[in-house]
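Notes follow the structure.
Rule-based calculations on the coordinates, nothing more; no lab input. Since the structure is predicted, the reported quantities are computational estimates derived from the model, not experimental observations. Heads up, the Cβs are rebuilt from the backbone with ideal geometry, glycines too, and the neighbour counts pull from every protein chain shown.
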Amino acid sequence: MLEELRFGEDGLLPVVAQDLNSGAVLMLAWANREAIELTLRTGWGTYYSRSRRELWIKGATSGNRQRVVSVLQDCDADSLLYQVEQRGPACHTGQPTCFHVPILGSAQPVGQGVLERIYETVLQRLAASPQDSYVARLHQGGIDRILRKVAEEAGEFLLAAKNGVQSELQSEAADLVFHVLLALAECGLGWDQVLGELGRREGRSGLKPPKPAG
């Protein structure tokens, strides 16, 4: 497949790194053939520095590495998309993404609206065929089966938190939240109702951050 890639006259092509979990665009970098080959072989995001004229592994010095999960080429075969599991901030400034300076509008929070979209998808899958949908299979087993799954995921989340492995904790937290959303949908409680309750608690329980002095 590398033979199909169309490198520029300098032997480089642009690579966009995207967070696999949130969908956020993390950074734009450049890669030559050797950098791409190393990425495919090692699984770590590897690029070519035009200023230093050398290969560099993302996070080799900072520790903010990128585990590359998939590599996609665009329709013209002259750029690539790396979908990655980002460890730490992607930007050298400490920001989660390099694209954080607004020119028009303002940057949207990473993951904004994700839970709402997942909840809507769960509602759609509840009516699907059990043979085609994990959600539908759990639904067919009734509320008790779903609640047992929530309890199971909660236990795995607790173990991950106890072990202190960030990647494991992230994964188990996502599993738990997903199954909580499924239980809410099964019980007919909308996600917006949960957000409304949190908003009321924020207002009456002093959860809002304190105003700066002066």
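Take the alpha carbon gyration tensor of the stretch 114-201, find the square roots of its eigenvalues, order them as a ≥ b ≥ c, and report rounded if a/c is under 1.5; if not, report prolate when a/b exceeds b/c, else oblate.
On the way: a/c = 1.91, a/b = 1.23, b/c = 1.55.
Because a/c hits 1.5 or more and a/b fails to exceed b/c, the stretch 114-201 counts as oblate.
With n ≥ 4 as the cut-off for DSSP H runs, can you work out [θ] at 222 nm for the chain, using -39500 (n - 2.57) per run divided by the number of residues, rounded to the nearest 500? Spell out each step's value before the answer.
Numbers: 6 runs with 86 residues, N = 214.
Computed ellipticity for the chain at 222 nm equals -13000 deg cm²/dmol.
Determine the sum of side-chain charges near A77: Lys and Arg each +1, Asp and Glu each -1, restricted to other residues whose C-beta is under 14 angstrom from that of A77. Walk me through the numbers on the way to the answer.
On the way: positive: R6, R33; negative: E3, E4, D74, D76, D78.
Surrounding charge for A77 is -3.
I need C91, C75, C98, C187 ordered by Cβ neighbour count within 10 Å, fewest first. Provide the component values of the computation, followed by the final result.
On the way: C91 14, C75 6, C98 17, C187 10.
Lowest count first: C75, C187, C91, C98.
For the chain, treating each Cα as an identical point scatterer without solvent, what Debye log10 I(q)/I(0) comes out at q = 0.12 1/Å?
-0.87
List, in order, the whole-Hz ³J(HN,Hα) value for each residue of the stretch 171-176 obtained from phi through the Karplus relation with A = 6.51, B = -1.76, C = 1.60 and θ = phi - 60°; use x for Gly and Pro.
5, 5, 5, 5, 4, 5
Roughly how many nanometres apart are two label points built 7 Å out from the Cα toward the Cβ at C91 and N64?
Placing both labels 7 Å beyond Cα along the Cβ direction yields 0.9 nm.
So who's got an amide H within less than 5 Å of the one on Y48, skipping anything under 5 residues away but keeping other chains? H placed 1.01 Å off N, in plane.
W30, A31, N32, W56
What ratio of Cα Rg to 2.2 N^0.38 Å holds for the stretch 1-116?
Dividing the Cα Rg of the stretch 1-116 by 2.2 N^0.38 Å gives 1.08.
For the chain, set up a GNM with springs between Cα atoms under 10 Å and report which of H179, H139, H92 has the largest fluctuation.
Maximum among the listed residues: H92.
Go through the stretch 74-83 residue by residue and turn each phi into a ³J(HN,Hα) via Karplus (6.51, -1.76, 1.60, θ = phi - 60°); whole Hz please, and just put x for glycine and proline.
Those phi angles translate into 7, 5, 9, 6, 10, 7, 10, 10, 9, 9 Hz.
Sticking with the crude label model, points 7 Å out along Cα→Cβ, report the distance from S51 to Q131 in nm, one decimal please.
My value for the distance between the label points is 5.8 nm.
Quick query: amide H of L26 versus all other amide H atoms, modeled in the peptide plane; which residues come in under 5 Å with a sequence gap of 5 or more or a different chain?
A17, Q18, D19
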